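Right, one structure below, let's go through it.
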Amino acid sequence: MKKIMITGALGQIGTELVVKCRALYGNENVLATDIRKPELDSPIMEGPFEILDVTDRDRMFELVETFKVDTMMHMAALLSATAEKNPLFAWDLNMGGLMNALEAARTYNLKFFTPSSIGAFGPSTPKVNTPQVTIQRPTSMYGVNKVAGELLCQYYFDKFGVDTRSVRFPGLISHVKEPGGGTTDYAVEIYFEAVREGKYTSFIAENTFMDMMFMDDAIDAIIKLMEADGVKLINRNAYNLSGMSIEPEMVAAAIKEFYPNFELAYDVDPTRQTIADSWPDNIDVSCARAEWGFEPKYDLTEMTKVMLEAIEHKDKVK
Ligand code: AKB
């Protein structure tokens, strides 16, 4: 990975992935792209940035050529709840963007990463210890996009020899950038509201278990997978990943260790609850561990401490 292009650079994952890649490979070697322009004081502006609508294939190819890209990390996508509100737009953006990025990878011989999700599973998938290879019949548009995306990536690997790699991300928890439009977003909002309001109303019901992971572990996993020996990657599209399986009461209990008066209430959103109910409670990550050494560092307690401290600090320097 010498010249990396990242799409969706201003998104929840992209924001931190750009910074980490620049620290590892050099500021000038990581081209950040997004449909929106970053704020002038954004860390994204510390290296090359270009506007890119991922559905514009000519512009994407032009940037790959001009920047002499050898690795594409395609992060631009709509998340599950937003996709469910506008399924046609989700199909056009999620699938159109992915096809363009895969075509760029085929044409210019790029190494390729794009994330799949626990959203690629559905109600008929085994809910507990969900295997790497199992039934994938999702019932959300986002899930349909993710399954199609996994298959497309595998197709480009088998048919054209493109070095595609992917992971099924769980909900990702970060204090740097809040997510937008995901089903797992409650697990981020709860920390911000705990610090700012001392209470939180969850749109996901009590006892709804979903897999989650701290963003640092997610970014490390992307780098580790991309640097791994390709010969060992049997399940390259896409690996189950998780750092913890949690439900709202567990997060509240962890927060109460630091904020004893924290209060959790519920006002369940039917759309997001239906999606959450269709996803696994916890997935089996043994293939990622065995094939490329996936090893998340953060559990709920450690993550809670870091999240609360970071948000407190952020608010103080504002
Ligand atoms: C979402 O909730 O849509 C995402 C995901 C699990 O893919 N965070």
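Of everything in the range 156-174 that is charged (D, E, K, R) and closer than 27 Å to Phe214 by Cα, the residue that is nearest to the ligand (Cβ to nearest atom) is Arg168. Taking each residue of the range 115-127 that is farther than 30 Å from Leu17 by Cα and looking for partners that are away from the ligand (no atom under 15 Å from the Cβ) and of a type in the set (Ser, Thr, Tyr) with beta-carbon atoms closer than 8 Å, six or more apart or interchain, yields Thr125/Thr134; Pro126/Thr134. Within the range 111-148, the set of residues being hydroxyl-bearing (Ser, Thr, Tyr) and either touching a Lys or Arg at 6+ places or on another chain (Cβ under 6 Å) or under 30 Å from Lys3 (Cβ atoms) (or both) comprises Thr114, Ser116, Ser117, Ser124. For the condition more than 16 Å from the ligand (Cβ to nearest atom) and either of a type in the set (A, V, I, L, M, F, W, C) or modelled with pLDDT under 95 (or both), Ile204 does not qualify. Scanning the range 22-47 for residues that are among the hydrophobic types (A, V, I, L, M, F, W, C) and either touching a Ser or Thr at 6+ places or on another chain (Cβ under 8 Å) or part of a loop (DSSP other than H, G, I, E, B) (or both) yields Ile35, Leu40, Ile44. Looking at Ile222, Ile255, just one residue is within 16 Å of the ligand (Cβ to nearest atom), in contact with a Leu (Cβ under 9 Å, 6 or more places away or on another chain) and in a helix (DSSP H, G or I), and that residue is Ile222.
Going by the conditions given, is Ile190 within 22 Å of the chain's Cα centre (by Cα) and not in a helix (DSSP H, G or I)? No. For first residues located in the range 275-300 and in a loop (DSSP other than H, G, I, E, B), partners that are away from the ligand (no atom under 15 Å from the Cβ) and among the basic types (Lys, Arg) and lie 6+ apart or on another chain with Cβ distances below 8 Å form the pairs Pro280/Lys127; Asp281/Lys127; Gly293/Lys224; Phe294/Lys224; Glu295/Arg289. Which numbered condition trips up Pro43, out of (1) closer than 20 Å to Met215 by Cα; (2) within 17 Å of the chain's Cα centre (by Cα)? Result: Pro43 fails condition (2) only. Where residues in the range 175-194 are surrounded by 22 or more Cβ atoms within 10 Å (Cβ to Cβ) and farther than 22 Å from Asp277 by Cα, which of them is nearest to the ligand (Cβ to nearest atom)? Going through the qualifying residues, I end up with Tyr191. Take Met72 and tell me if it is more than 16 Å from the ligand (Cβ to nearest atom), under 18 Å from Asp34 (Cα atoms), within 16 Å of the chain's Cα centre (by Cα) and among the aliphatic types (A, V, I, L, M). The answer is yes for Met72. Could you grab the pairs with beta carbons closer than 6 Å, sequence gap of 6+ or different chains, first residue in the range 161-190 and modelled with pLDDT of 95 or more and among the β-branched types (Val, Ile, Thr), second one within 11 Å of the ligand (Cβ to nearest atom) and assigned to a strand (DSSP E or B)? Listed pairs, sorted by first residue: Ile173/Met212; Thr184/Gly171; Thr184/Met210; Val188/Ile173. Scanning the range 120-133 for residues that are assigned to a loop (DSSP other than H, G, I, E, B) and surrounded by fewer than 24 Cβ atoms within 10 Å (Cβ to Cβ) gives Gly122, Pro123, Ser124, Thr125, Pro126, Lys127, Pro131, Gln132, Val133. Hey, can you tell me all the residues within the range 262-281 that are of a type outside the set (Gly, Ala, Ser), in contact with a Ser or Thr (Cβ under 6 Å, 6 or more places away or on another chain) and more than 26 Å from Gln136 (Cβ to Cβ)? Matches in the range 262-281: Tyr266, Asp267.
The set of residues from the range 269-287 being within 16 Å of the ligand (Cβ to nearest atom) and touching a strand residue (DSSP E or B) at 6+ places or on another chain (Cβ under 8 Å) comprises Ala276, Trp279, Pro280, Asp281, Asn282, Ile283, Val285.
For the range 236-244, the criterion of being loosely packed, with under 14 Cβ neighbours inside 10 Å and closer than 26 Å to Val167 by Cα is met by none of the residues.
Under the condition of being more than 15 Å from the ligand (Cβ to nearest atom), polar (S, T, N, Q) and either within 23 Å of Arg272 (Cα to Cα) or crowded, with 17+ Cβ neighbours inside 10 Å (or both), the residues counted in the range 75-119 number 1.
The values are calculated or read from the model by the stated rules, or taken from the named source; none is laboratory data. As the structure is a computational prediction, the values presented were derived from the model and not from experiment. Glycine also receives a Cβ, built like all others from the backbone with ideal geometry; neighbour counts cover every protein chain displayed.
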